[in-house]
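Visitor: Let me begin by handing over the structure; questions about it come next.
The values are calculated or read from the model by the stated rules, or taken from the named source; none is laboratory data. Just so it is clear, the model here is predicted, and its values are computed rather than measured. Neighbour counts are summed over all protein chains in view; Cβ atoms, including those assigned to glycine, are modelled from backbone coordinates with ideal geometry. Remember, those area values only see protein heavy atoms, side chains included, never the ligands or the DNA or RNA. Shrake-Rupley method; radii C 1.70, N 1.55, O 1.52, S 1.80 Å.
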Amino acid sequence: MAKVIRNLLSRSSSAVPPLKFPDLRFHVNCSFSTSASKTPKNKVKKLKKSNNNNNSSVIINQSKLKLSQVKRRTRSEKELDEETFMKMYGNDNSVHVPVLLGEILDVFTSLTLRSFLDCTLGAAGHSSAIIRAHPEMQVYVGLDVDPIAHQLAQSQLRSVIDRDSFDTAAALKVHTFLKNFKDVKSVLGEVEDELLASGVNGILMDLGMSSMQVNDAERGFSVLKNGPLDMRMNPKATLKAEDILNSWPADEVGRVLRDYGEESNWYSLQNRIVKARLHGGLHSTNELVDLIQNSTSRTKGRQGWIKTATRVFQALRIAVNDELKTLEDSIRACFESLSSGGRLAVISFHSLEDRIVKQAFLNIMNCSEVDGGGVEDEEGKRLRELRKINLDTVKEEAWIKQVIQRINGTILTKRPITPSEKEETLNPRSRSAKLRVIQKA
């Protein structure tokens, strides 16, 4: 199995293809006199100057276009082996495929991972590969608020440890908890192990939904499967999506659609949802999808209403599970739980999450920055020296392109890493994934 994964995640030896830009052309309407008189010299000079300006504008526009394309995303340079991928996952959409797996392994390859924390276990796809890649690991901690995912992950982790024979397998202590990542510090406090006293070497947060959650119609997450309007990650939680749709004030429903779904048609949808209450309300995903279809312009076709429905479902899921309010605090708690030189990797799947992750990283970097006009204490000097050592180390890692350096750590992904084109083709659900990584001094 380890050999299969290595083949699957082999790095491409080919060069990164150059960016292609559209042919930029300028059409200039000019009229010329047919009289025998010659064009004055000063007008010729002006015409030449105008042509030069046009050429300059072409160059400037091309440069701006190139810069905007570079800024938009940092494509992964990993190349997936399609044959091996199909053997492992096939065309079965019910199988959960860990996103950016090769890139996650790269993030932690240079570290000695004696301890590792997965804040979002899911089907344990990332965790299984990381455990196999780090036989030195002695303590593993996994969290998930979903009991079904938690149970499947436990089974997967046991099979990995039982099947793979590496020297320290017997010494690896595995701790799994049915908890939300907002409880990360209290969970680590429950694990009595000397290794964790100085912090965790590596932490992963995968904020996406697993295929098994999306494909289970009874969970209410899928736009294309009929089921109850539930959308709870934790089945023991009280708030459901139908509660929001059928009982929340109209302006609150609109706020959820606008702020969490970034839906431009939120006001019209808000009014239709409130009017539906007069006829018994909305209680199934099909009823909500029908309402969205009737609210979406027919000219946009199937893709139009599906995109709108996806945004509405996203908004409701975020509101039901209170996903965004605790994310920044949880990221900070994870960073504080790292050991010196430890890394936190976060995979997000929509723009709201990614903005929060990006800002949380920046806030962490600024919180302990030494003022240039102040006096640096002994702790500040120690952190500065550690920062120099860590930066020298990361320079040797090919996946790191641009960093943001501060006294208490380094953001290793100034721009997020996104899946390769091959991964997006083989696993369409990975298209919106973005990876950001931060390292503690």
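Visitor: Looking at (1) farther than 24 Å from N427 by Cβ; (2) among the hydrophobic types (A, V, I, L, M, F, W, C); (3) open to solvent by 40 Å² or more (accessible area, probe 1.4 Å), which is the one condition that is false for A133?
Guide: (1)
Visitor: Hey, another quick one. How many residues does segment 307-316 hold that are in contact with a Lys or Arg (Cβ under 9 Å, 6 or more places away or on another chain) and open to solvent by 20 Å² or more (accessible area, probe 1.4 Å)?
Guide: Here the count works out to 1.
Visitor: Please count how many residues of segment 241-265 are open to solvent by 30 Å² or more (accessible area, probe 1.4 Å) and within 25 Å of the chain's Cα centre (by Cα). I'd like the intermediate steps shown before the answer.
Guide: Step one: list which residues in segment 241-265 are open to solvent by 30 Å² or more (accessible area, probe 1.4 Å), which gives 242-243, 246-252, 255, 258-260, 262, 264-265.
Applying the additional criterion that residues be within 25 Å of the chain's Cα centre (by Cα) yields 255, 258-260, 262, 264.
Residues meeting the conditions: 6.
Visitor: Consider I148 against the criteria (1) open to solvent by less than 60 Å² (accessible area, probe 1.4 Å); (2) within 24 Å of the chain's Cα centre (by Cα); (3) of a type in the set (A, V, I, L, M, F, W, C): it satisfies all of them except one. Which criterion is unmet?
Guide: That leaves (1) as the condition not met.
Visitor: Further question on the same structure: Would you mention how many residues in segment 200-221 are assigned to a loop (DSSP other than H, G, I, E, B) and surrounded by 19 or more Cβ atoms within 10 Å (Cβ to Cβ)? Outline the logic, then answer.
Guide: Step one: filter segment 200-221 for residues assigned to a loop (DSSP other than H, G, I, E, B), giving 207-210, 216, 220-221.
After this cut, where a residue has to be surrounded by 19 or more Cβ atoms within 10 Å (Cβ to Cβ) as well, the list is 207-210, 220-221.
Here the count works out to 6.
Visitor: So D183 clears everything in (1) open to solvent by less than 40 Å² (accessible area, probe 1.4 Å); (2) in contact with a Phe, Trp or Tyr (Cβ under 9 Å, 6 or more places away or on another chain) except one condition, right? Which one?
Guide: (1)
Results for (1) touching a Gly at 6+ places or on another chain (Cβ under 6 Å); (2) polar (S, T, N, Q); (3) outside the structural domain of K434 (by the TED database), shown as yes or no for each residue.
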{"residue": "I331", "(1), (2), (3)": "no, no, no"}
{"residue": "L338", "(1), (2), (3)": "yes, no, no"}
{"residue": "A345", "(1), (2), (3)": "no, no, no"}
{"residue": "S348", "(1), (2), (3)": "no, yes, no"}
{"residue": "D354", "(1), (2), (3)": "no, no, no"}
{"residue": "V357", "(1), (2), (3)": "no, no, no"}
{"residue": "N363", "(1), (2), (3)": "no, yes, no"}
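Visitor: Touching a residue at least 24 places away in the same chain (Cβ under 8 Å), part of a strand (DSSP E or B) and within 26 Å of E103 (Cβ to Cβ): is that true of V141 in this structure? Spell out how you get there, then give the answer.
Guide: Values: touching a residue at least 24 places away in the same chain (Cβ under 8 Å): yes; part of a strand (DSSP E or B): yes; within 26 Å of E103 (Cβ to Cβ): yes.
Here the answer is yes, as V141 does meet what is asked.
Visitor: Among residues belonging to segment 164-202 that are of a type in the set (V, I, T) and closer than 16 Å to E136 by Cα, point out the one that is modelled with the highest pLDDT. Don't jump to the end; show me each part of the working.
Guide: In the first step, residues of segment 164-202 are kept if they are of a type in the set (V, I, T); the result is 168, 174, 176, 184, 187, 191, 200.
Filter again for closer than 16 Å to E136 by Cα, leaving 168, 174, 200.
Numbers: T168: 48, V174: 93, V200: 97.
Looking at the filtered set, the residue picked out is V200.
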